[in-house]
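The values are calculated or read from the model by the stated rules, or taken from the named source; none is laboratory data. Computed from a predicted structure; not experimentally measured. Note that each Cβ is placed from the backbone with ideal geometry, even for glycine, and that neighbours are counted across all protein chains shown. Keep in mind that these areas ignore ligands, DNA and RNA; they rest on the heavy atoms of the full protein, side chains included. Shrake-Rupley method; radii C 1.70, N 1.55, O 1.52, S 1.80 Å.
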Amino acid sequence: MIGYKFMGKAHSHAYRDLPFYFDMDVEPVLQTIVGRDPNSVKLAAEKFGWLSYDTDWRRLLERDDIDVIDIGTPNHTHAEIAIAAAEAGKHIICEKPLAMNAEQAMQMWKAVKKAGVIHMISHNYRYVPAIQYAKKLIQEGALGDIYHFRAQFLQDWIMDPSFPLVWRLRKEITGSGALGDLMAHSVDLARFLVGEIKEVTGMTETFIKQRPIGEMSGGLNAISSGETLAEVNVDDAAAALVKFENGALGVFEATRFAKGNRNGNRIEINGSKGSIRWEMDNMNTLQLYLEGDPQGMQGFRSITCTENVHPYAGAYWPAGHHIGYEHTFINLMHALMEGISTGINPSPNFEDGYRNQVILDTIEKSASAGTMAKVIY
């Protein structure tokens, strides 16, 4: 594993708990975790349960006892690490967004295809049981023809003007702001549940133009390194209108300036026969409306997706006993291990990462030009 902070913690926990819940033909062995600061990565290795630590990811590629490279580093390093790992014959899972731009993402996808390794991108929200069940309902035609997809991903963690200019706010490191950090998740869910997007109209805004320089300190916290101000060159908020290939319309909103929203990830899908709603704040619950219900009884019902019939739910607790954020990563890592065991590449993978990045790039270009733009893969 390369990287040991927010996602390093989430992925480490998933690898450790995976064999507890799932019977698999292969199981993860936590060999080595990598970070630039030897003291910090040593502590992370001890806390997260890794057998050893290192400060140079390149050494991992030379080791025969390492089969998988897990990339949880800042976005500008993803391509170099993933391409080198593929050339070394390692399976790869990479945090989102896959790359800084579509060109980089394509290079990464080509590298893993050429190497014939298993590859995934960490869009963990696909692996919420309620989302998986929504996919099943849509595939079975319960909602009929899909007309609308709308998504919000709202946070508020950088609203203080004194919050420092961390790597997530620097274009040369992160690529984009709320667009790539938050809307990337919504785009992935849209493609997973509804289908491919063919046209977009985008809009972005940066509300606070300068911030003091600083560094992330774990989770979404940060420490300022002084009072010197530097330019913010990524978006604080992004919005997009889209057209899907199947004729549906989509509305997307992503912001880190929605006061009171810590992680407001929400979607609604409307079809000719019904609708669904889901939000991360109540991740075990799917809201479902069906037109076939009798008059007088029509309305959104709440389905608690903890029954054995719900995808992944049966691996955990008896019905009615909820799971949490960390279990989305366990389910994701289960798909990765199944892929390695069977040789069949799971999704979302680097192809999904590339297609998502094309859409994000097109939204950004549309926002700059002020016109609708076609999505060209």
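Of everything in segment 215-254 that is modelled with pLDDT under 95 and on the phi > 0 side of the Ramachandran plot, the residue that is farthest from the chain's Cα centre (by Cα) is GLY226. Within segment 242-274, the set of residues being surrounded by fewer than 18 Cβ atoms within 10 Å (Cβ to Cβ) and more than 30 Å from LYS209 (Cα to Cα) comprises LYS243, GLU245, ASN246, GLY247, LEU249, GLU268, SER272, LYS273.
Checking segment 352-362 against the condition returns a match, with at least one residue being hydroxyl-bearing (Ser, Thr, Tyr) and in contact (Cβ under 8 Å) with a residue 60 or more places away in the chain. Of the residues that make up segment 69-84, is at least one of a type outside the set (Phe, Trp, Tyr), in contact (Cβ under 8 Å) with a residue 12 or more places away in the chain, open to solvent by 20 Å² or more (accessible area, probe 1.4 Å) and farther than 25 Å from VAL358 by Cα? Checked segment 69-84: no residue is of a type outside the set (Phe, Trp, Tyr), in contact (Cβ under 8 Å) with a residue 12 or more places away in the chain, open to solvent by 20 Å² or more (accessible area, probe 1.4 Å) and farther than 25 Å from VAL358 by Cα.
Results for (1) among the aliphatic types (A, V, I, L, M); (2) touching a Lys or Arg at 6+ places or on another chain (Cβ under 8 Å), shown as yes or no for each residue.
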{"residue": "TYR147", "(1), (2)": "no, no"}
{"residue": "PHE153", "(1), (2)": "no, yes"}
{"residue": "ILE158", "(1), (2)": "yes, yes"}
{"residue": "SER162", "(1), (2)": "no, yes"}
{"residue": "THR174", "(1), (2)": "no, yes"}
{"residue": "ASP181", "(1), (2)": "no, yes"}
{"residue": "HIS185", "(1), (2)": "no, yes"}
{"residue": "ALA190", "(1), (2)": "yes, no"}
{"residue": "PRO212", "(1), (2)": "no, no"}
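Can you confirm whether ILE92 is in contact with a strand residue (DSSP E or B) (Cβ under 7 Å, 6 or more places away or on another chain), under 17 Å from ARG355 (Cβ atoms) and crowded, with 18+ Cβ neighbours inside 10 Å? Considered against the rule, which asks whether it is in contact with a strand residue (DSSP E or B) (Cβ under 7 Å, 6 or more places away or on another chain), under 17 Å from ARG355 (Cβ atoms) and crowded, with 18+ Cβ neighbours inside 10 Å, ILE92 comes out as no.
Restricting the first member to segment 117-132 and to residues that are farther than 10 Å from ALA313 by Cα, and the second to residues that are assigned to a helix (DSSP H, G or I) and aromatic (Phe, Trp, Tyr), the beta-carbon pairs closer than 6 Å and six or more apart or on different chains are HIS119/PHE350; ASN124/PHE329; ARG126/PHE192.
Determine, yes or no, whether MET280 is farther than 28 Å from GLY260 by Cβ and modelled with pLDDT of 95 or more. Here the answer is no, as MET280 does not meet what is asked. Residues being modelled with pLDDT of 95 or more and touching a Ser or Thr at 6+ places or on another chain (Cβ under 7 Å) are entirely absent from segment 339-351. So, in segment 285-308, how many residues would count as being crowded, with 20+ Cβ neighbours inside 10 Å and not in a strand (DSSP E or B)? Of the residues in that region, 2 qualify.
Within segment 309-328, the set of residues being touching an Asp or Glu at 6+ places or on another chain (Cβ under 9 Å), open to solvent by less than 20 Å² (accessible area, probe 1.4 Å) and within 20 Å of SER12 (Cβ to Cβ) comprises HIS327 only. Before we move on, is GLY339 open to solvent by 20 Å² or more (accessible area, probe 1.4 Å), more than 26 Å from ILE146 (Cα to Cα) and either touching a Gly at 6+ places or on another chain (Cβ under 6 Å) or part of a helix (DSSP H, G or I) (or both)? Criteria not met by GLY339. Restricting attention to segment 128-143 and to residues that are open to solvent by less than 10 Å² (accessible area, probe 1.4 Å) and either out of contact with any Cys (no Cβ under 6 Å at 6 or more places or on another chain) or in a loop (DSSP other than H, G, I, E, B) (or both), the residue that is nearest to LYS273 (Cα to Cα) turns out to be LEU143. Scanning segment 98-127 for residues that are open to solvent by 10 Å² or more (accessible area, probe 1.4 Å) and either part of a strand (DSSP E or B) or closer than 22 Å to TRP167 by Cα (or both) gives MET100, ASN101, ALA102, GLU103, GLN104, HIS119. Specify the residue that is farthest from GLY3 (Cα to Cα); the eligible residues are those in segment 35-51 that are of a type outside the set (A, V, I, L, M) and open to solvent by less than 40 Å² (accessible area, probe 1.4 Å). For segment 35-51, the residue satisfying everything is GLY49.
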